[in-house]
Amino acid sequence: MPGYEAAPPRRLVTRGQIAGGLAALGLGPKAAGSGSGSGVVIVHTSLRSFGFVVGGAQSVQWALRDAVGPDGTLVMPAFTPQLCHPSTWRSPDLAGTDLAGAAAAMPVFDRQGTPVSRTMGVLPELLRSLPGARRSGHPHVSFVAEGPRADEIVRSHPDAYRLSAQSPLGRLWDLDATVLMLGTPWNKCTALHLAEYDAPYPGRRSGLWALPEAGPDAGPAGTRWREVPEILVWEGDFDALGEAYEASGNPMASTVVGAAVCRAVPLRALVRFATRWLPAHRDLRRAVAPPGWRSVVDADGPLPEGVVRHDV
């Protein structure tokens, strides 16, 4: 037909090809138990980046489970931005909305029942649904884990300073985890947020962030909001940070599966590099706080005890 252009063909990718790519990255039961971390892997996946995966998300999950073996633990971010306060909404078509009423009607977080946001991809929601999976309790940035170390990783997740050393990311540091990115860019690498708490870069700020919780009145409009201290995290330069890490010669394995560029990186090496990189390359002193924050102040000094790692 005139003016019609067929979509470019997608690559067909099987579970076996994904498993081969994971092996090329150094993942496997034998590698997981010896020098490449503890068998704990935090995974970021873009299913569509592979091409057409035969069996979809389940094939990827099976390949990951095969790769780490029965002694390995899989971890994924299971974030729920759909539960953020209505004051954070940016959609212009919602102008005039009754924000107070919407806030009172917001569902509270349920570890078992609240689905992972679609913006996180389909793999975290699949992992959450597995019988042995465990999830941390933060209403906005929970993590889901499946495997022998799952409870240890997600057992504690304080409301304040949500992605700091006190969070499951801190447990991943303690366990010498591997960061696995399957077709995702560096700006999706959640572990890099650890460095934002460790590095007092110019323009680092803290403020109050609202979390939903069950109010005294049970029912659809019984939610109340509680503010907690938090630093304003930002992913805007994570791609540049990741490219600098790749060029630095620090440890990393990479391969291509289908059309997806896949990387495996030691979490500790990556966070240490990022902690040095941010003060030299990031300056947010002129940045404007996004909607939903209150009482925003400079946070260029030390953060509370336990939030920052002392062994970076």
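The values are calculated or read from the model by the stated rules, or taken from the named source; none is laboratory data. This is a predicted model, so every value here is computed, not measured. A quick note on method: Cβ atoms are made from the backbone with ideal geometry, for glycine too, and the neighbour counts reach across all protein chains shown. To get the accessible areas, we keep the full protein, side chains included, count just its heavy atoms, and leave off ligands, DNA and RNA. Shrake-Rupley method; radii C 1.70, N 1.55, O 1.52, S 1.80 Å.
Got at least one residue in the range 257-267 being surrounded by fewer than 12 Cβ atoms within 10 Å (Cβ to Cβ) and over 22 Å from the mean Cα position of the chain (by Cα)? The answer is no, given that none of the residues of the range 257-267 is surrounded by fewer than 12 Cβ atoms within 10 Å (Cβ to Cβ) and over 22 Å from the mean Cα position of the chain (by Cα).
Looking at the range 239-259, is at least one residue touching a Pro at 6+ places or on another chain (Cβ under 8 Å) and under 18 Å from D198 (Cα atoms)? Within the range 239-259 (the criterion being touching a Pro at 6+ places or on another chain (Cβ under 8 Å) and under 18 Å from D198 (Cα atoms)), the answer is yes, since at least one residue qualifies. Please go through the range 142-164 and pick out each residue that is open to solvent by 10 Å² or more (accessible area, probe 1.4 Å) and either of a type in the set (A, V, I, L, M, F, W, C) or part of a loop (DSSP other than H, G, I, E, B) (or both). Selection gives G147, P148, R149, R155, S156, H157, P158, D159, A160, Y161, R162. Evaluated against (1) open to solvent by 70 Å² or more (accessible area, probe 1.4 Å); (2) under 22 Å from A210 (Cβ atoms); (3) modelled with pLDDT under 95, D300 falls short on exactly one condition, (2). Scanning the range 70-79 finds one or more residues that are surrounded by 13 or more Cβ atoms within 10 Å (Cβ to Cβ) and charged (D, E, K, R).
Taking the listed residues W225, W209, the one that is open to solvent by 50 Å² or more (accessible area, probe 1.4 Å), over 15 Å from the mean Cα position of the chain (by Cα) and among the aromatic types (F, W, Y) is W225, with no other qualifying. Is it fair to say P77 is in contact (Cβ under 8 Å) with a residue 60 or more places away in the chain, over 19 Å from C189 (Cα atoms), of a type outside the set (G, A, S) and in contact with a helix residue (DSSP H, G or I) (Cβ under 7 Å, 6 or more places away or on another chain)? It is false that P77 is in contact (Cβ under 8 Å) with a residue 60 or more places away in the chain, over 19 Å from C189 (Cα atoms), of a type outside the set (G, A, S) and in contact with a helix residue (DSSP H, G or I) (Cβ under 7 Å, 6 or more places away or on another chain).
Restricting the first member to the range 154-181 and to residues that are farther than 16 Å from D311 by Cβ, and the second to residues that are among the β-branched types (V, I, T) and in a helix (DSSP H, G or I), the beta-carbon pairs closer than 9 Å and six or more apart or on different chains are L163/T190; P168/I153; P168/V154; V179/T190. Just the residues that are under 17 Å from L211 (Cβ atoms) and under 20 Å from the mean Cα position of the chain (by Cα), please, taken from the range 86-116. Hits for the range 86-116 are T88, F109, D110, R111, T114. Considering the range 30-69, and only residues there that are at pLDDT 95 or above and of a type in the set (S, T, Y), the residue that is surrounded by the most Cβ atoms within 10 Å (Cβ to Cβ) turns out to be T45.
Within the range 86-100, take every residue that is surrounded by fewer than 13 Cβ atoms within 10 Å (Cβ to Cβ), in a helix (DSSP H, G or I) and not acidic (D, E) and give me the one that is modelled with the highest pLDDT.
Filtering the range 86-100 for residues that are surrounded by fewer than 13 Cβ atoms within 10 Å (Cβ to Cβ), in a helix (DSSP H, G or I) and not acidic (D, E), the one modelled with the highest pLDDT comes out as A100.
Within the range 96-115, the set of residues being touching a residue at least 40 places away in the same chain (Cβ under 8 Å) and of a type outside the set (G, A, S) comprises M106, P107, V108, F109.
State yes or no: is R134 among the charged types (D, E, K, R), free of Cβ contacts under 8 Å to residues at least 24 places away in the same chain and on the phi < 0 side of the Ramachandran plot?
Considered against the rule, which asks whether it is among the charged types (D, E, K, R), free of Cβ contacts under 8 Å to residues at least 24 places away in the same chain and on the phi < 0 side of the Ramachandran plot, R134 comes out as yes.
Take the residues in the range 277-291 that are out of contact with any Gly (no Cβ under 9 Å at 6 or more places or on another chain) and touching a residue at least 24 places away in the same chain (Cβ under 8 Å), then tell me which one is nearest to E227 (Cα to Cα).
The qualifying residue nearest to E227 (Cα to Cα) is P291.
L180: open to solvent by less than 60 Å² (accessible area, probe 1.4 Å), out of contact with any Ser or Thr (no Cβ under 6 Å at 6 or more places or on another chain) and over 20 Å from P81 (Cα atoms), yes or no? Yes; evaluated as a whole, the condition is true for this residue. When every residue of the range 280-295 is checked against the conditions, none turns out to be within 20 Å of the chain's Cα centre (by Cα) and either under 30 Å from A63 (Cα atoms) or among the small types (G, A, S) (or both). Within the set of pairs 6 or more residues apart or between chains, which connect a residue that is within 13 Å of G56 (Cα to Cα) and part of a strand (DSSP E or B) inside the range 11-26 to a residue that is at pLDDT 95 or above and open to solvent by 50 Å² or more (accessible area, probe 1.4 Å) with Cβ atoms less than 6 Å apart? Note: pairs meeting the criteria are L12/F52.
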